[in-house]
Amino acid sequence: MMSIVLGLIVFLAVIAAVIGFGGVLHWGRQREIGLLPYIFYPIIFSVMLAKMTSGRDFSLMPTSESGIAAHESTPAYVFVIARCITLFILVAVSERIINRVLHYGRNPKVPMGLLLCFIFFFLTTVVLAAFLGTHPSISHEYMYLFLGGSAALLFSEAEGDVAIRNVRNAMLVCLVVSACFLIVAPQMVIRTGYLDGVVPGLTVRYAGLTSHSNTMGGLTVVYLLCLSSRPYKGWLNRFAWIIGLITLVIAQSKTSWITFSLSTLSLSYFRYSEILKRYFFDFRRPFFLVMALSLVMIMFTVLISVLLFSSSGNFLNSFLMSQAGADLMTMTGRAQIWEVAVLEWQRNPLFGYGLTIWNDAHRAKIGISAAVTAHSQFYQTLSSSGIVGVIGLVIYVLTLLFYALKTVRVSQGLTLALFLMVMFRSMSEVPLTMVGYYGPDELTHLIILMVIASHFSGLQTNAANLKTPPAHALL
């Protein structure tokens, strides 16, 4: 009897899913903007929910963030909610892909070269590694990001604008809620007694409702870039900038500081290029150029003087001999993980270990519990997918750079800023991962694809409008 009831429930669920998906397709056919630009709300919500319910307590391990995960526990209902969110994202992805295929002639222009290279990247780093790696494996998790990235590259200009605003809004909510936890439950979001920072007197490191301070720093950079591109109005914009910058500082993620600085330069140059040319590159009136060069020379001289003649001794040498300096030179102790990555690659140079590297069993085998990834996109790809995967990675990154530069002016520097951020994060993280569920790194990967595709679509539309003469010219 029970089997009959369960069978009936499954049958009704399948019927409901088919009807629901058909309704979503019909809804998407009536609208240029589908569900996909709105997936950032559930992604950020799932990230926050996982930490709000984990019982994390930084006071248990005040000297490290890496080992704190061993003291966390996630309730079963959080996993159920996460799977429902993944299902919603898959529905949104499928709706966009199917509608674009069914209405191919009316679709916006697609960056076909980037789409083909993205597929090649998936084949070389996921498919071949899954079947030909030292440890073959098959999982439904291998398809999620491929489908999401493919759908992101089908974005229209309007969808890209909505996506940028939604990332901004979702991250603002995350920052505000994290700040509230800083008041009501500080042990869950901030680590005290942090002595390896570079800001004098700042002995805390803020993770917020994310898994790590570096994760919070990276997401905050994405948020600030989106905020700069699509600002709020009035007091809300000032508040959004203040909470974002404060979060970035107290997260004490050096990689995020560097990427934000370089990305801001990119945005500033392409947004204010005419002003810069007028004041700094007009050689008939070189006053501003001379002043800028003089300030740079003075700052450089002062910096060198402080480093060489500091009263406390050789400041540079003291810093490099400290724990913070050693961490900086070895990318926060990641050299040991990279050695393991190289050893695993040497066992299968062409296709690597396989996609199960750095899982629980592998970490237990090598005795490094914190090595959830290789903490480097290059070493991650090399160890899991071998030389074939690295070739796919290089081709994909170069193509990504080409399209970022192609759309940099129409996006006012946003595409290049996001690309620079991804590249610098690739030195110590794996933002271009193609395996797993939709998390913070996957969010960054998706948004850069969406922004490039939407501005490429706008670029092609503008070019077509320029080629088409106005109606009165045809008379």
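Can you spot a residue in segment 30-40 that is at pLDDT 80 or above, under 16 Å from CYS174 (Cβ atoms) and not in a loop (DSSP other than H, G, I, E, B)? Looking for residues that are at pLDDT 80 or above, under 16 Å from CYS174 (Cβ atoms) and not in a loop (DSSP other than H, G, I, E, B), one finds at least one in segment 30-40, hence yes.
Please verify whether LEU224 is in a loop (DSSP other than H, G, I, E, B) and farther than 24 Å from SER73 by Cα, treating the condition exactly as stated. Criteria not met by LEU224. Taken over segment 374-389, the criterion of being under 18 Å from the mean Cα position of the chain (by Cα) and surrounded by fewer than 20 Cβ atoms within 10 Å (Cβ to Cβ) is satisfied by PHE378 alone. Quick check on LEU446: is it at pLDDT 90 or above, among the aliphatic types (A, V, I, L, M), closer than 18 Å to VAL221 by Cα and in a loop (DSSP other than H, G, I, E, B)? Judged against the criteria, LEU446 is not a match.
This table checks each residue for (1) surrounded by fewer than 23 Cβ atoms within 10 Å (Cβ to Cβ); (2) of a type in the set (Phe, Trp, Tyr); (3) within 15 Å of the chain's Cα centre (by Cα).
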position: SER150; (1), (2), (3): yes, no, no
position: LEU154; (1), (2), (3): no, no, no
position: GLY160; (1), (2), (3): no, no, no
position: ARG168; (1), (2), (3): no, no, yes
position: VAL176; (1), (2), (3): yes, no, no
position: CYS180; (1), (2), (3): yes, no, no
position: ASP196; (1), (2), (3): yes, no, no
position: LEU202; (1), (2), (3): yes, no, no
position: GLY217; (1), (2), (3): no, no, yes
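I'd like to check something: does segment 169-181 contain any residue that is hydroxyl-bearing (Ser, Thr, Tyr) and either in a helix (DSSP H, G or I) or modelled with pLDDT of 90 or more (or both)? Within segment 169-181, one or more residues are hydroxyl-bearing (Ser, Thr, Tyr) and either in a helix (DSSP H, G or I) or modelled with pLDDT of 90 or more (or both). Evaluation of ARG334 against the conditions (1) touching a Ser or Thr at 6+ places or on another chain (Cβ under 9 Å); (2) modelled with pLDDT of 90 or more; (3) more than 26 Å from SER150 (Cα to Cα) shows that the sole unmet condition is (2).
The values are calculated or read from the model by the stated rules, or taken from the named source; none is laboratory data. Remember, predicted model here, so these are calculated numbers, not experimental data. Cβ: placed from backbone, ideal geometry, glycine included. Neighbour counts: every protein chain shown.
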